[in-house]
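See structure below.
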Amino acid sequence: MRICEAYFLPKTLGEATALLKEHQGDARIIAGGTDLVIDLKTKRKKARSLVDLSKVEGLGEIHFAQETVSLGAMVTHTQVSRSEPIRRGIPVLSEACSSVGSPQVRNMGTLVGNVVNAMPAADGASALVALHAVAKIVDWEKHERIVPIRDLYRGVGNSWIDSTREILREVQFSIPKPPFGSAFLRLSRRRALSLPILNVAVLVRLDPGLSIFEEVRLVIGPVAPVPFRSEKAEKILVGSEATAKVIREASLVASEESSPRSSLRAGSFYRKEMVGVLVERALCRALSRVDPKFDALLEQSIDPVTKID
């Protein structure tokens, strides 16, 4: 089945934006294409021409600076999940990317594409929101803007990025200051291919004495039209001692604060109940990565009968 009339492979970002401008809305950016090709076949999206970014130099690279990490538009989920510095230092992102789809999807699909597709269930996007990541965007007039990932969502599957005139060239985030830990958990019916029933991305930072929550970022999906940050639960945790009682209280608040809908994957009541379970486990896992003294909390939070994948 033919999905477009013309297919372009520019070698520079300037060539790519020039092609978008030349076609005045009839051309669309394609990166990994794991979502876009399906959308074009099913007529959910239209494009007479496609501009493929795979040959643009530098877009498939991960850059580590002293305080930041930058990921180009063509960086795949597999690249992120296998990056040793990310696996070792920022596991919330490597775990999220390793949860996406099948190996074939992870090999082709890009993290930036996960963001542009604007689905609140997107595993990689939830982790990026927890990391306070920003998107660097350039349009066909060569204007550039920087937007927090969370602010790119207009609604389910609806992004503020117009891929007929703009390119999200990279995402960037600051490496959290220690002592911090992070974790990502996912609940799904099958490990491969299926969208998650729920996912939770957590980042915590403690005081120098490793006892008080100084910062907490807690992102849950899909329980709202956009990646949902449980601010009420975060407020309970920040300034409190890192104990099982406080974590349980915050987890219950996160469950109450979320508003999941029923779908073919799970009912709203089940999802709401499981929010509390996943949030508690994710918080305990993140704490155990700050210091082994929290391992006992992690062991207490895991029910061996209902382990998630």
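Among the conditions (1) assigned by TED's automatic domain parsing to the domain that holds Leu237; (2) more than 19 Å from Ile90 (Cβ to Cβ); (3) among the aromatic types (Phe, Trp, Tyr), the only one that Phe184 does not satisfy is (2). Checked against (1) free of Cβ contacts under 8 Å to residues at least 40 places away in the same chain; (2) assigned to a helix (DSSP H, G or I), Arg150 meets all criteria but (1).
The values are calculated or read from the model by the stated rules, or taken from the named source; none is laboratory data. Fair warning: this is a prediction, and the values are worked out from it, not measured in the lab. For neighbour counting, all protein chains shown are included, and Cβ atoms are generated from backbone atoms with ideal geometry for every residue, glycine included.
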